[in-house]
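The values are calculated or read from the model by the stated rules, or taken from the named source; none is laboratory data. It should be emphasised that the depicted structure is a prediction, and the values quoted were computed from it without experimental measurement. Note that each Cβ is placed from the backbone with ideal geometry, even for glycine, and that neighbours are counted across all protein chains shown. Quick note on the areas: whole protein, heavy atoms, side chains included, nothing else; ligands and nucleic acids left out. Shrake-Rupley method; radii C 1.70, N 1.55, O 1.52, S 1.80 Å.
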Amino acid sequence: MPESSHLALLLIGLLGGTHCVGMCGGIVGALSMGAPASLSMHMAYNTGRIVSYATAGAMAGALGEASMALSAQWPVRTVLYLLANGMLIALGLYLMGVTRVLAFSERCGQKLWRHLQPLSRRYLPAHSVAQAFPLGLVWGWLPCGLVYSALATALTSGSAVHGAGLMLAFGVGTLPNLLLAGLLAARLQAYAMKRGVRLACGLLILGFGIWGLLGVLGLAPRVLRSG
């Protein structure tokens, strides 16, 4: 798996943080139910979340590997790459406010979330790292179009290990925004929801998706040569 894929997902996690803060900032801010913000608590919480992302990435990578093994490799790989880059394009447009197409994927994820959400109640309010970490593990499965877009890329990785690595890179990319959201909740959330910020981040992620799509279609080299 090219290292550039890990860098791309790390940047997508970082740029998509505007969506994370808007969607989850309140959840992170309420971690300790009004208790003073603790860096160790927020680190434990976010570590649990990233572990869940890596687990989902391993599952997606294994599924993609099985799909390629069961049929002719090239057509399946091409379809998976088209899906992954199509999801990035949809995410970019979603952040820009052009379309809410990813809301459909979040509604589908609600079916799993309904079974997992009750598990979080036993750890709330979280008063220790031992409570914050498992709470983060559960929170990592919260329905999120940004996460699903990254998982579509993990599908193309060809193995559980590479899929986990990609989602680990993505999770690390989301960490700065959500860590700050826990410590500076209201202030950062207001900044992340600004139209200009979401538009700029959406455009960059849209660019990632379009470039990836050109690569799948074999057009990227021609674009570089024409430039």
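Using the structure shown, decide if R114 is charged (D, E, K, R), open to solvent by 70 Å² or more (accessible area, probe 1.4 Å) and more than 19 Å from the chain's Cα centre (by Cα). Yes; evaluated as a whole, the condition is true for this residue.
Among the residues of segment 111-129, what is the count of those that are part of a helix (DSSP H, G or I) and in contact (Cβ under 8 Å) with a residue 24 or more places away in the chain? Show your work before the answer.
Going through segment 111-129, the residues part of a helix (DSSP H, G or I) turn out to be 111-123, 129.
Cutting the leftovers down to in contact (Cβ under 8 Å) with a residue 24 or more places away in the chain gives us 112-113, 116, 129.
Going through segment 111-129 one residue at a time, the tally reaches 4.
Quick check on R107: is it open to solvent by 70 Å² or more (accessible area, probe 1.4 Å), more than 12 Å from the chain's Cα centre (by Cα), farther than 16 Å from A169 by Cβ and at pLDDT 80 or above?
Values: open to solvent by 70 Å² or more (accessible area, probe 1.4 Å): yes; more than 12 Å from the chain's Cα centre (by Cα): yes; farther than 16 Å from A169 by Cβ: yes; at pLDDT 80 or above: yes.
Against the criterion (open to solvent by 70 Å² or more (accessible area, probe 1.4 Å), more than 12 Å from the chain's Cα centre (by Cα), farther than 16 Å from A169 by Cβ and at pLDDT 80 or above), R107 qualifies.
With S52, S71 as the choices, which residue is modelled with pLDDT under 90, in the same structural domain as P134 (by the TED database) and surrounded by fewer than 22 Cβ atoms within 10 Å (Cβ to Cβ)?
Unique residue meeting the criteria: S71.
Here is a check on your reading of the model: is R121 at pLDDT below 90 and open to solvent by 60 Å² or more (accessible area, probe 1.4 Å)? So R121 passes the test.
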